[in-house]
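Peer 1: Sharing a structure with you now.
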Amino acid sequence: LYRRFNGGSLRVVAARSPRALRAHSARILLMDEIDGYEVTAEGSSIALAERRTASFGNRRILAGSTPTDSNSAIAARYEESDKRVFEVPCPSCSSAWHEIRWADIRWPEGRPEEAQWCCPSCGVLHRDDEHKANMVAAGRWRATAPHVKGHAGFRLSALVSLHPPASWPNLAAEFVVAKRNPNLLRPWINTALGEVWADPEDDAMQPHELAALAEPMGRDRLPAGCLVLTSGV
């Protein structure tokens, strides 16, 4: 649990141990799966760990996790960041860049093994085995909240993974089975899509869920012939 090497050292501590979190200072703090951290007898283990970096002007804090529910710690931190998304170019209209979202994965009724990605710009369908690898290789990160400085946030789902189990047809087949059972659907939403699970008993939209629906808008994005713009909440 402790290693010293040229230029520094590495210490691994349990997130549920306030004593361990208080006992050591660190310039670089790495926290993994923070949505699984329990509140300790001394409060938030995340806050306790972050305080141990306060004496370093050049500190770095990295937190990562699969999101859980509306109380997700990682989702809250992502909303406070510059909210970067991973975009890929469309093979058919290369000038269009999009984040691969589940809403754009399409398949014929009853045939999830034929699932493909539909470009939101041109509507052309693209197969996983033919295009995905090249699309991901050419991908880029884009900050959707560029006004936030000093706090980078990154969101990724299994939809861009090149591992065979994460192919679009395999994910579609998993979804068809999982959607019949909330106990299966929740871990699929959390782990495959990297999205927060919305409790059916909670009718209120969470702030991060509403923010996820926001899209860039400007006069240059209006289609020809548009006369009136309206909006509603």
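The values are calculated or read from the model by the stated rules, or taken from the named source; none is laboratory data. From a predicted model like this one, the values you see are computed outputs, not experimental measurements. Cβ placement follows ideal geometry from the backbone for every residue including glycine, while neighbour counts extend to all protein chains displayed. Just so you know, the surface numbers come from the protein's heavy atoms only, side chains and all, with ligands and any DNA or RNA stripped out. Shrake-Rupley method; radii C 1.70, N 1.55, O 1.52, S 1.80 Å.
Peer 1: In segment 95-134, how does Rg compare with the Kirkwood Rh, expressed as the Rg/Rh ratio over alpha carbon atoms?
Peer 2: Radius of gyration relative to Kirkwood radius: 0.95.
Peer 1: Could I ask something else about it? So with the 1.4 Å probe, I'd like the accessible area per residue for segment 80-205, rounded to whole Å².
Peer 2: 57
Peer 1: Using a 1.4 Å probe on the protein heavy atoms only, what accessible surface does TRP102 show? Give it in Å² to the nearest 10.
Peer 2: Using a 1.4 Å probe on the heavy atoms, I get roughly 40 Å².
Peer 1: Using alpha carbons only, how many degrees (0 to 90, rounded to 10) separate the axis of helix 182-191 from the longest principal axis of the chain?
Peer 2: Tilt relative to the chain: about 80 degrees.
Peer 1: Normalised by the residues of the chain, what does the relative contact order come to in percent, with Cα pairs under 8 Å and at least six apart?
Peer 2: This gives 17 percent for the chain.
Peer 1: Roughly speaking, to the nearest percent, how much of the chain's 1.4 Å accessible area is carbon and sulfur?
Peer 2: Carbon plus sulfur share of accessible area: 52 percent.
Peer 1: List the lysines whose alpha-carbon lies under 29 Å from that of LYS179, not counting same-chain residues fewer than 8 positions away?
Peer 2: Cα-Cα hits under 29 Å: LYS83, LYS132.
Peer 1: Per-residue ellipticity at 222 nm for the chain, helices alone: DSSP H runs ≥ 4 residues times -39500 (n - 2.57), over residue total, nearest 500 deg cm²/dmol? Display every interim value, and only then the final one.
Peer 2: Working: 7 runs with 51 residues, N = 233.
About -5500 deg cm²/dmol.
Peer 1: Name the residue from GLN116, GLY8, ALA158 whose Cα lies farthest towards the positive end of the charge dipole of the chain, charges +1 on Cβ of Lys and Arg and -1 on Cβ of Asp and Glu.
Peer 2: With unit charges placed on the Cβ atoms, the residue in question is GLY8.
Peer 1: Next question. Using a Gaussian network model of the chain with C-alpha springs under 10 Å, which one of THR66, THR144, THR40 is most mobile by mean-square fluctuation?
Peer 2: Between THR66, THR144, THR40, it is THR40 that shows the largest mean-square fluctuation.
Peer 1: What do you reckon, how do HIS24, HIS98 stack up by accessible area (1.4 Å probe), largest on top?
Peer 2: HIS24, HIS98
Peer 1: How high is the relative contact order of segment 91-217? Use alpha-carbon pairs under 8 Å, at least six apart in sequence, and give a whole percent.
Peer 2: 21
Peer 1: Still on this structure: Quick one: compute the contact order of segment 1-52, relative version, from alpha carbon pairs under 8 angstrom and 6+ residues apart, as a percent.
Peer 2: On the way: 51 pairs, mean separation 17.7, N = 52.
About 34 percent, as a whole number.
Peer 1: Next question, about the same structure. Helix 168-178 versus the longest principal axis of the chain: what angle, 0 to 90°, nearest 10, using Cα atoms?
Peer 2: The helix 168-178 is inclined about 80 degrees to the chain.
Peer 1: Sticking with this one: Could you identify which residue out of ARG84, ARG22, ARG186 has the top mean-square fluctuation in a GNM of the chain using Cα springs shorter than 10 Å?
Peer 2: With Cα springs under 10 Å in the chain, the top fluctuation among ARG84, ARG22, ARG186 is at ARG22.
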